[in-house]
Every structure is written in structure tokens, then in C-alpha cells.
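Everything below concerns the one structure shown next.
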């Protein structure tokens, strides 16, 4: 009988040393998540991610400017070519005023008036080579031109900077009187700058310091014509093939303070 109980096992009340079995533990069965709960959770996560992204907005280095007109005054230096025989205007200081109007997109138009006080050599073509320069004369160049400017960043700045390219055309005239030294030369030997067409090509950078003020730097190339006196085209003086005129270029650098409105 004892052996039979050992084989069958189990708990028999009243027996000495019998240990009651532990109650059976059943794990709870989780219910599947409903579709509504999945959608609600996704919406909450999406709203949270957008809020976090909005709180981490990175400021743009670009800034639009709303003003369309600009007035500036400039000063700089110009270095013109003096031509084949060296009688053209030489290097000197340059001052000017500029008015600009922003057009659509990156384009703008400018009107520029410049004053260039400088000097030139007085060259006597009747003298031998090497001793033809007999003095110097004052030059008072007054120029006016219209330019079209292309802003490389459009109507906005990048870190308050606005680079640009420009091209234009106008007229330049020497306002100085005839030098007394030139009166000793024959009329056909005197150089006169007179009035000339002028082409302009260049570029620069505008720095928008603080509304409404800007600082502007320009580097440019101007092209004008030098008319050769008849005395420089006489074959008996040893001159070869000399044309009636020649083009001379003038490089310039200037800095300006501008007001926008």
C-alpha cells in the first residue's frame, strides 16, 4: 500500500509529512490592441515630433531687404592708360555720387556722376624721341553714366553681404582750360581730350551694416577714346601707321557710404 502511494503521488490529507501543493497560477491573457488605439498613438507621436522640430529652427544666413532706392557718395583712385604716345590723362583721385533703383529680381539700374582731377603730359611731336615731353597740364574729367547691376544673391543678403556685377555706358569730358605751355605748340600738335564715349564694366560688394546704412566697395574698368593730333600722324616726322584715335582703359577702386530708402 505504501509503495502504491509513492507511485501514484499526490496529497492525502491526514498523512504525516504531507505537503499541500501550491495553487496553480494562470498568466493573464493580454487583449490585442485595437485599431483606434494604434491610430491615436501615432497621432500623438507625430504631433510631438513636429513640436520638437519647431523648437530647433536654425536661423537662415539670408535676409531680404525691402528698400528699393539707394544714394551713396564715393571716393577712390583711378589709373588710366595714357596711350601710345603718353599724352592721355594719368592716375589720380576720383570722387562721385550714385543713385540706384532696384528693379524686379536681381536687377537694378544706377546713375553715376564722377569727378577725376588729375594731370597729363604735354608731348611735342616735332621734337626727337626721348625729349618730346615738355611739361604737364591739368585735367578735370567729368563723367556721367548709366549702369545695370546684377545682384548675385538677388534682393537679399548673405550674412549682410551682397556681391554684384555691373556694366554700363556714358560720356566723359575734360573741363580743364588749355595749359599756357600748350599755347607754344602748333595747333595740329596739341592734344585735346574733348568729349568721349565711355564704357564701364566692374563688380563689387555691398555690406548692409545697419538699416538704412550700407558700405560699398567697387572695382571697375572704364574705356574711353584718345584722339591723336594731326602732328602725330605726319610721315616726314618719322611716325608710321598712326590712327586718328585709340582706346585707353582705366582701372579703378572706390569705397562708398550709402543710404537706402
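The values are calculated or read from the model by the stated rules, or taken from the named source; none is laboratory data. Worth saying up front: this structure is predicted, and the values here are computed from it rather than measured. Backbone-built Cβ (ideal geometry, glycine too); neighbour counts: all protein chains shown.
Pairing each residue of the stretch 214-238 that is in contact (Cβ under 8 Å) with a residue 40 or more places away in the chain with any residue that is surrounded by 17 or more Cβ atoms within 10 Å (Cβ to Cβ) and in a helix (DSSP H, G or I), provided the two are 6+ apart or on different chains, yields C-beta distances under 6 Å for 229/189; 231/189. Taken residue by residue, the stretch 215-228 has at least one member that is in contact with a strand residue (DSSP E or B) (Cβ under 7 Å, 6 or more places away or on another chain), at pLDDT 95 or above and closer than 20 Å to residue 64 by Cβ.
Going by the conditions given, is residue 124 more than 36 Å from the chain's Cα centre (by Cα) and farther than 19 Å from residue 251 by Cβ? For residue 124, the condition - more than 36 Å from the chain's Cα centre (by Cα) and farther than 19 Å from residue 251 by Cβ - is met. Within the stretch 136-145, the presence of at least one residue that is closer than 30 Å to residue 64 by Cβ, surrounded by 15 or more Cβ atoms within 10 Å (Cβ to Cβ), modelled with pLDDT of 95 or more and in contact with a strand residue (DSSP E or B) (Cβ under 7 Å, 6 or more places away or on another chain) is confirmed.
Quick one: in the stretch 99-121, of everything that is part of a loop (DSSP other than H, G, I, E, B) and more than 16 Å from the chain's Cα centre (by Cα), which residue is nearest to residue 71 (Cα to Cα)? Restricting to residues being part of a loop (DSSP other than H, G, I, E, B) and more than 16 Å from the chain's Cα centre (by Cα), the top hit is 103. Restricted to the stretch 172-187, and to residues there that are free of Cβ contacts under 8 Å to residues at least 60 places away in the same chain and loosely packed, with under 13 Cβ neighbours inside 10 Å, the residue that is farthest from residue 137 (Cα to Cα) is 187. In this structure, residue 208 does satisfy being within 19 Å of residue 71 (Cα to Cα), surrounded by 13 or more Cβ atoms within 10 Å (Cβ to Cβ) and touching a residue at least 60 places away in the same chain (Cβ under 8 Å).
Let's see how each residue does on (1) in contact with a helix residue (DSSP H, G or I) (Cβ under 9 Å, 6 or more places away or on another chain); (2) in a loop (DSSP other than H, G, I, E, B); (3) modelled with pLDDT of 95 or more:
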{"residue": "66", "(1), (2), (3)": "no, yes, no"}
{"residue": "73", "(1), (2), (3)": "no, no, yes"}
{"residue": "76", "(1), (2), (3)": "no, no, yes"}
{"residue": "87", "(1), (2), (3)": "yes, yes, yes"}
{"residue": "93", "(1), (2), (3)": "no, no, yes"}
{"residue": "97", "(1), (2), (3)": "no, no, yes"}
